[in-house]
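The values are calculated or read from the model by the stated rules, or taken from the named source; none is laboratory data. Because the structure is a prediction, the values reported are computed rather than measured. Here the Cβ positions follow ideal geometry from the backbone for every residue, glycine too, while neighbour counts run over all protein chains shown. We work out accessible area using only protein heavy atoms, side chains counted, and drop any ligands, DNA or RNA first. Shrake-Rupley method; radii C 1.70, N 1.55, O 1.52, S 1.80 Å.
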Amino acid sequence: MSKFPKDFLWGVACASYQCEGAWDADGKGPNIWDDFCHDPNAENIKNRDTGDVACDSYHRYREDVALMKQHNIKAYRFSISWARVIPDGDGAVNETGLRFYDNLVDELVANGIEPLITLYHWDLPSALQDKGGWLNREIIPAFARYAEIIAKRFKGRVRCFMTINEPQCIAQLGYGNGAHAPGWKLPEEKVAQVYHNLCLAHSAAQRAIKAVCPDAQVGVVPCGSLAYPEKDTPAGREAAYQASFNLNVGWSFNIFLDSLILHRYDDSASDAVKRFAATIDPKDWELMETPDFLGLNIYQGFMVNEKGEEVKRYPGFPLTACKWGVTPEVLHYGPMNIYRRYGLPIYITENGLSCNDKVYLDGKVHDAERIDFLHRYLLELSKAIAEGTPVRGYLQWSFLDNFEWGSGYDERFGIIYVDYRTCDRIPKDSAAWYADVIASNGEIL
Ligand code: NOJ
């Protein structure tokens, strides 16, 4: 018997800026990643790479969908470039830009692949950044209007919408340490304001989508550190749960989700966050919308002992090309603990790794490391499911190699290799392996 439910949604994911290219085509407006990459005064991106062309998916989406079909992919999570659809973020709609997504959705549906839309995967229209971006509450109605436009357009064709991808990265990297666009470095209280505005923006967008498509499933896609136990004992599990939701560990799911769903910041919050929280108008809590599901982006976790102390990784611990730990257990305990705290159905909206992939002498890309990684993680995920966690789907990150933000094109996460000189695609060994996993609904694992 398969370890995965009958209707489990197996898919892949990507995001507009990372794969589309066509950065100024057909009336698209500039966004903060265009600006960040093009900044002549700072080398914000490794090798000064840009998303100007990326994988050129804007022009090659048919080829990409055909490759997905060939590999049994059942769902594609992609994001919409807000500035392609509404060039200044809040004004006139760019019909040509919208038509690109129309075509993509039609192509997916025609090939039996479910489109899953992310509204915001970090590429804010520059005109909205000029007004303060996510720091300015005026962005909330603009985001809700954008969501409404998308919902109206895709009503009946798209069942699942995700509002915001990784609010943690937006707030911490975009507004905190400046590693991501817009590159702002603000004090922690301001970063907390960004988080709060993101919660309100998710909520306003969810209401807007539901008003148009009452049957739609609306989710949000957070990220953060998750712990797994050194020993699988009741005490070990409890320690991993507590360590996962400690706001002091830095990246945390709960800095966003507690506020959105539980309407609180707990005691582990920093003084700056507590100071900000004290200024929140109580009426704001009534505006928060609990999503229908949570999309979890999970790549690595950290191990804790029964006392909740982090267990240092041993020398030579397995790492991916970008030096993230290979910790499959996080896909067992992570979703379980998130479900225990929030009680919502879950999709794994991203999981994968970067490898030093290259084309071998035989013209193929042999990525045994990726197969082993995904295999281990999926086996652990099946344990969470066996223990009753409602995981509805798994979206591997990423279908194509793509633009990895500050690392540019140096990190390859795809199961399809992209030769950036030509934009030619070469399916890696892992693509064939994943196709078999899907065909057997995970039974071959
Ligand atoms: C999270 C982000 O959502 C995605 O854009 C990024 O490429 C992957 N993780 C890998 O870092």
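Put the Cα centre of the range 30-95 next to the Cα centre of the range 419-445 and the gap is 22 Å. In terms of packing, defined here as the mean over residues of other Cβ atoms within 10 angstrom, the peptides 261-268, 300-307 line up highest first as 300-307, 261-268.
I'd like the trypsin sites (Lys or Arg not before Pro) in the range 166-212 restricted to DSSP loop residues with at most 12 other Cβ atoms within 10 Å, sorted by number. Walk me through the numbers before you get to the answer.
Numbers: sites: Lys185, Lys190, Arg207, Lys210; in loops: Lys185.
Those that pass, being in a loop and sparsely packed, are Lys185.
Say R0 is 30 Å: what FRET efficiency, to the nearest 0.05, do Ala386 and Asp436 get from their beta-carbon distance? Plugging the Cβ-Cβ distance into 1/(1 + (r/R0)^6) gives 0.90. Extending 7 Å from the Cα toward the beta-carbon at both Glu43 and Arg157 defines two label points whose distance is 4.3 nm.
Please list the three semi-axes, largest first and in whole Å, of the ellipsoid equivalent to the range 226-303, using sqrt of 5 times the eigenvalues of its alpha carbon gyration tensor. Let's see the in-between values first.
Details: eigenvalues 139, 48, 22 Å².
The answer is 26, 15, 11 Å, longest axis first.
When a 1.4 Å probe is rolled over the protein heavy atoms, the share of accessible surface on the range 1-102 that falls to carbon and sulfur comes to 50 percent.
Counting only Cβ charges, +1 for Lys and Arg and -1 for Asp and Glu, the dipole size of the range 272-347 around its Cα centre is about 360 debye. Under a model in which nothing but the beta-carbon of Lys, Arg (+1) and Asp, Glu (-1) is charged, the chain shows a dipole of about 760 debye around its Cα centre. Rolling a 1.4 Å probe over the protein heavy atoms gives the chain an accessible area of 38 Å² per residue. Surface composition of the range 233-286: carbon and sulfur atoms hold 53% of the protein heavy-atom accessible area at a 1.4 Å probe.
Based on DSSP, what percent of beta bridges with both residues in the range 313-445 are antiparallel, to the nearest 5? Percent antiparallel among DSSP bridges in the range 313-445 is about 55. Place a point 7 Å from Cα of Asp102 in the direction of its Cβ. Which residues in the range 70-86 have their backbone N less than 14 Å from it? It comes to 85, nothing else. Once the Cβ-Cβ distance of Asn356 and Gln70 is raised to the sixth power relative to R0 = 22 Å, the FRET efficiency obtained is 0.30. Note on the chain: dipole from Cβ charges, positive end direction compared against Gly89, Met288, Pro315; the farthest Cα belongs to Met288.
With a Förster radius of 60 Å, plug the Cβ-Cβ distance of His366 and Asp281 into 1/(1 + (r/R0)^6) and report the FRET value to the nearest 0.05. List each step's numbers first, then the result.
Numbers: r = 57 Å, r/R0 = 0.94.
Given R0 = 60 Å and the Cβ-Cβ separation, E is 0.60.
How do Arg137, Arg370, Arg340 rank by accessible surface area computed with a 1.4 Å probe, from largest to smallest? If you can, show how the numbers build up before the last one.
Numbers: Arg137 105, Arg370 0, Arg340 125 Å².
The ordering from most to least exposed comes out as Arg340, Arg137, Arg370.
Antiparallel beta bridges, as assigned by DSSP with both residues in the chain, represent about 20 percent of the total such bridges. The label-point distance for Lys3 and Asn177, in a model that sets each label 7 Å from Cα toward Cβ, rounds to 3.3 nm.
For the range 332-400, the list of GluC sites (Glu not before Pro) that fall in a loop by DSSP and count at most 13 other C-beta atoms within 10 angstrom reads Glu387. Report the Cα centroid-to-centroid distance between the range 277-316 and the range 112-188 in angstrom, as an integer. Spelled out, the Cα-based centre of one part sits 20 Å from the other.
Please arrange Thr163, Thr422 by accessible surface area, largest first, computed with a 1.4 Å probe and ligands excluded.
Largest accessible area first, the residues go Thr422, Thr163.
State the percentage of accessible surface on the range 347-400 attributable to carbon and sulfur atoms; use a 1.4 Å probe and exclude ligands, DNA and RNA. Roughly 53 percent of what the probe reaches on the range 347-400 is carbon or sulfur. Taking each residue as 0.36 nm, the span from Tyr420 to Ala25 lengthens on full extension beyond its C-alpha to C-alpha distance by 140.3 nm.
Overall shape: oblate for the range 32-100, with the ratio a/c of the largest to smallest alpha carbon gyration tensor axis at 1.5 or above and b/c at least equal to a/b.
Taking every DSSP beta bridge that has both ends in the range 1-157, the antiparallel portion is near 10%.
Taking His71, His59 and ordering them by how much accessible surface each has at a 1.4 Å probe, largest first, produces His59, His71. For the range 19-150, rounded, prolate or oblate, judged on the Cα gyration tensor with a ≥ b ≥ c (square roots of eigenvalues), a/c < 1.5 rounded, else prolate if a/b > b/c? Cα axes put the range 19-150 in the oblate bin.
For the chain, rounded, prolate or oblate, judged on the Cα gyration tensor with a ≥ b ≥ c (square roots of eigenvalues), a/c < 1.5 rounded, else prolate if a/b > b/c? It would help to have the intermediate numbers written out before the result.
Values: a/c = 1.32, a/b = 1.00, b/c = 1.32.
It comes out rounded by the Cα gyration axes.
Restricting the range 2-47 to trypsin sites (Lys or Arg not before Pro) that sit in a DSSP loop and have at most 16 other Cβ atoms within 10 Å of their own Cβ leaves Lys3, Lys6. Approximating the spin labels as points 7 Å out from Cα along Cα→Cβ, the Asp215-to-Lys307 distance works out to 5.6 nm. Rounded to the nearest 20, the size of the Cβ-charge dipole of the range 310-445 about its Cα centre is 380 debye, with Lys and Arg at +1 and Asp and Glu at -1.
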